[in-house]
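**Q** If you scroll down you'll find the structure; I have some questions about it.
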Amino acid sequence: MISKLHIDRAHLRHQLKQMLRIRRFEEKCAELYALEKIRGFLHLYIGEEAVAVGVMSVLSADDQVVATYREHGHALARGVSMGSILAEMYGRTTGCSRGRGGSMHLFDRATHFYGGNAIVGGGLPLATGLALANKKMQRLALTACFFGEGAVAEGEFHESLNLAALWQLPVLFICENNNYAMGTALTLSESETNIARKADSYGIAAAQVDGMNVVDVEAATLEATEFIHKHQKPYLLECKTYRFRGHSSFDSQLYREKEEIALWEAKGPVKQLVQWMRNNSHLLDSELDELEKEVEAEIQAAVRFAEAGEWEPVEDLYRDVYSPRQTNS
Ligand SMILES: Cc1ncc(C[n+]2csc(CCOP(=O)(O)OP(=O)(O)O)c2C)c(N)n1
């Protein structure tokens, strides 16, 4: 039962803009990576934008978000500033994690964005702990936890679902099922490939949704969050999606056919929404151009901000290191 979903023209334009911000930002990141402005790993979210945007538009400002190493899209959709995200990838102190985390460890207290996490499945216990704290402190907030289908093979997935169900915690588990964990297809690693069904064995309510359709994701998230608030129990949402790019910057993609990628690209989230809006007279070409220009201006400003950021001074090397400093006598 959907009670509050308001899908009007302005809202659809907002959703489209959010997805374009992620898409164009990451295309720029790929360029900057090739120029060695961004170092370390870079995992792009291109193709999966509808999941972060659909989910995030339902969450309240008090809710907490936990993500994976493929989290630029989640951070942007949550409201972390593009400049501080890019500065983080540049390793500058103006980055959202002071340049110490890089692409995989974006963090932002102001938006309750509890971060990217390089450890597959590592966000699940963190989210479960945050939800436990919310319950104990009688906060209304819920915790949204994004993870890939590869995390389902980890013990942390099962331990977290078990405790969340046992302790009746307000946590929304969102599985971004893009079919591949690096080069391993889901069918090669799981005996039960329906992830939503796995929640059954823990007594957790669950649903599957088309993760390429932002409106469907938003509607399913609304239903999920209403359930969590009403019953004070966890919920699992499986979003069927696809990453158009390789796993990271070092991936020759020998594990999948070009035809398969093309099939998914044809139903890509940005393309799909643009087509639907055009067909229903909700979007003129001139309006799309305008949106693209706004996004481009934001990206240019983010690049300027990142370029202007300072490196960490050597004197700050031990900042945030909690173990006592060793002295050699
Ligand atoms: C505990 C752990 N094991 C292995 C790895 C290496 N690793 C990095 S990404 C990845 C695949 C994860 O795939 P999935 O969870 O489906 O997320 P996706 O990359 O598809 O978004 C693996 C195995 C890791 N980072 N952490």
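The values are calculated or read from the model by the stated rules, or taken from the named source; none is laboratory data. Values in this document were obtained by computation on a predicted structure and should not be read as measured data. Virtual Cβ from ideal backbone geometry, glycine too; neighbours counted across all protein chains shown. Calculation scope for accessible area: heavy atoms of the full protein, side chains included, ligands and nucleic acids excluded. Shrake-Rupley method; radii C 1.70, N 1.55, O 1.52, S 1.80 Å.
**Q** Let me spell it out: the conditions are (1) open to solvent by 40 Å² or more (accessible area, probe 1.4 Å); (2) at pLDDT 95 or above, and residue 252 meets all of them except one. Which number is the exception?
**A** (2)
**Q** I would also like to ask the following. Return yes or no: is residue 161 open to solvent by less than 10 Å² (accessible area, probe 1.4 Å) and either within 30 Å of residue 263 (Cα to Cα) or of a type in the set (A, V, I, L, M, F, W, C) (or both)?
**A** yes
**Q** When you scan region 144-164, how many residues do you find that are in a helix (DSSP H, G or I) and more than 9 Å from the ligand (Cβ to nearest atom)?
**A** The total comes to 9.
**Q** Restricting attention to region 313-326, does a residue exist that is open to solvent by less than 90 Å² (accessible area, probe 1.4 Å), of a type outside the set (Val, Ile, Thr) and within 30 Å of residue 169 (Cα to Cα)?
**A** Among the residues of region 313-326, not one is open to solvent by less than 90 Å² (accessible area, probe 1.4 Å), of a type outside the set (Val, Ile, Thr) and within 30 Å of residue 169 (Cα to Cα), which makes the answer no.
**Q** Any chance you could count how many residues in region 245-269 are within 12 Å of the ligand (Cβ to nearest atom) and under 19 Å from the mean Cα position of the chain (by Cα)?
**A** 4
**Q** Same structure again: Test each condition in (1) away from the ligand (no atom under 16 Å from the Cβ); (2) open to solvent by less than 10 Å² (accessible area, probe 1.4 Å); (3) under 21 Å from residue 241 (Cα atoms) for residue 75 and report the one that comes out false.
**A** It fails just one condition, (1).
**Q** From the set of residues in region 179-213 that are open to solvent by less than 10 Å² (accessible area, probe 1.4 Å) and under 22 Å from residue 246 (Cβ atoms), which is farthest from the ligand (Cβ to nearest atom)?
**A** 212
**Q** Go through region 169-191 and give me each residue that's outside any strand (DSSP E or B) and among the β-branched types (Val, Ile, Thr).
**A** Result: 187, single match.
**Q** While we're on this one: Since residue 51 meets every condition but one in (1) at pLDDT 95 or above; (2) open to solvent by 30 Å² or more (accessible area, probe 1.4 Å); (3) not hydroxyl-bearing (Ser, Thr, Tyr), which condition does it not meet?
**A** Looking at each condition in turn, residue 51 falls short on (2).
**Q** Could I ask something else about it? Return the total of residues in region 126-143 being within 16 Å of the ligand (Cβ to nearest atom) and open to solvent by less than 40 Å² (accessible area, probe 1.4 Å).
**A** Residues flagged as within 16 Å of the ligand (Cβ to nearest atom) and open to solvent by less than 40 Å² (accessible area, probe 1.4 Å) within region 126-143 amount to 1.
**Q** Among (1) open to solvent by less than 20 Å² (accessible area, probe 1.4 Å); (2) in contact with a strand residue (DSSP E or B) (Cβ under 8 Å, 6 or more places away or on another chain); (3) within 16 Å of the ligand (Cβ to nearest atom), which single condition is residue 220 missing?
**A** (3)
**Q** While we're on this one: Given the options 312, 260, 307, name the one that is in a loop (DSSP other than H, G, I, E, B), more than 26 Å from residue 8 (Cα to Cα) and charged (D, E, K, R).
**A** Result of the check over 312, 260, 307: 312.
**Q** Name the pairs: first residue in region 104-125 and more than 20 Å from residue 88 (Cα to Cα) and within 16 Å of the ligand (Cβ to nearest atom), second residue among the acidic types (Asp, Glu) and part of a loop (DSSP other than H, G, I, E, B), Cβ to Cβ under 8 Å, at least 6 apart or on different chains?
**A** 120/154; 121/154; 124/154
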